[in-house]
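Trainee: Sharing a structure with you now.
The values are calculated or read from the model by the stated rules, or taken from the named source; none is laboratory data. Just so you know, these numbers come straight off a predicted model, no measurement behind them. Methodologically, a virtual Cβ is constructed for each residue, glycine included, from the backbone with ideal geometry; neighbour enumeration extends over all protein chains shown.
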Amino acid sequence: MDTLQAVILGIVQGLTEFLPVSSSGHLQLAKELLDVDIAENLTFDITLHAATVLSTIVVLWSEIRRLVVGVFSRKFNEEQAMVLKIIVSMIPIGIVGLLLRDKIDEMLSSPYIMIIVGAMLLLTAALLAFAYYAKPRIKERISYRDAFIIGVAQAAASMPGLSRSGTTIATGLLLRNKRSSVATFSFLMVLAPILGEMLLQIVGGEFSAADIDTTALAAGFAASFIVGCIACKFMIEIVKRGKLIWFAAYCAAVGATAILSYIF
């Protein structure tokens, strides 16, 4: 993998991690187009995910700081309730990670990966379309029940091509939660699972800087972080304005193209 390929993949990851179009699906498609060596995938993917986690922390720093300060209050408060809801939302993805992680990793190297990614992008498009036409919100705060259901949606988005942000945001909106609350919750709830997965991969010896040129690795990280900061801010505003239908159309087009490219 050269530096230019790394920058392109970093831009793809930073952009699609927050936009509801599936970062795993687009990253896989980009690797296919750029003919990136499969042996380099895991180390590079961990690095790009670290960059998008950092961009999430930067963009949502005031919210994260508020939650951290609130957690140490002696009286039960709104911040502590939010942290508990985030923990509840992590239960499904934790179960999937423990039971199905190896099978999902195998799926990424499947000869049918383009079909899988295409089908999941079409499913993402359907979810976003349903959310777009959902009834106006009536809830000011996300409930514990809704947090768990959104967590189930996040676990389902382990499938390559099924957008994590698209699935969780669409689910939250279909549950008739406030748009701004759903957007913030969606980006906060993913921090711990991604960090946990990265830690497991590093402890398990799956991360090795020797697998890839350090200049390319640094370039990919920087590109993913910078674009991720921009995309995170942009996506929060898009959700608030309810303009998800354009992403539904995009996912449908890309999903259909991925399937057709495999068939023909």
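Trainee: Specify the residue that is farthest from ASP105 (Cα to Cα); the eligible residues are those in the range 139-154 that are small (Gly, Ala, Ser) and surrounded by 22 or more Cβ atoms within 10 Å (Cβ to Cβ).
Mentor: Only one residue fits best here, namely ALA147.
Trainee: Specify which of the listed residues (ILE104, ILE142) is within 20 Å of the chain's Cα centre (by Cα), aliphatic (A, V, I, L, M) and in a loop (DSSP other than H, G, I, E, B).
Mentor: ILE142
Trainee: Restricting to the range 108-117, what's the tally of residues that are more than 19 Å from PHE264 (Cα to Cα) and crowded, with 17+ Cβ neighbours inside 10 Å?
Mentor: Count: 1.
Trainee: For the range 167-181: of the residues being within 13 Å of GLN154 (Cα to Cα) and aliphatic (A, V, I, L, M), which is farthest from the chain's Cα centre (by Cα)?
Mentor: My answer is ALA170.
Trainee: Condition check: over 14 Å from the mean Cα position of the chain (by Cα), at pLDDT 90 or above and surrounded by fewer than 18 Cβ atoms within 10 Å (Cβ to Cβ). Does ALA218 satisfy that?
Mentor: yes
Trainee: Moving on to the next point. Can you tell me how many residues within the range 33-64 are at pLDDT 80 or above and either more than 18 Å from GLY228 (Cα to Cα) or assigned to a helix (DSSP H, G or I) (or both)?
Mentor: 20
Trainee: Look through LEU19, LEU27 and report the one residue that is under 14 Å from the mean Cα position of the chain (by Cα) and either among the aromatic types (Phe, Trp, Tyr) or not in a helix (DSSP H, G or I) (or both).
Mentor: LEU19
Trainee: Report every pair of residues separated by at least 6 positions or lying on different chains whose Cβ atoms are under 8 Å apart, first residue within the range 184-203 and over 21 Å from LYS240 (Cα atoms) and of a type in the set (S, T, N, Q), second outside any helix (DSSP H, G or I) and at pLDDT below 75.
Mentor: Short answer, once both residue conditions are applied: GLN201/PHE207.
Conditions tested, residue by residue: (1) within 14 Å of GLY172 (Cα to Cα); (2) in contact (Cβ under 8 Å) with a residue 40 or more places away in the chain; (3) crowded, with 24+ Cβ neighbours inside 10 Å.
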{"site": "ALA119", "(1), (2), (3)": "no, yes, no"}
{"site": "LEU122", "(1), (2), (3)": "no, yes, no"}
{"site": "ALA126", "(1), (2), (3)": "no, yes, no"}
{"site": "LYS135", "(1), (2), (3)": "yes, yes, no"}
{"site": "LEU162", "(1), (2), (3)": "no, yes, yes"}
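Trainee: MET90 - would you say it is touching a residue at least 40 places away in the same chain (Cβ under 8 Å), within 25 Å of VAL182 (Cα to Cα), part of a helix (DSSP H, G or I) and not acidic (Asp, Glu)?
Mentor: Yes.
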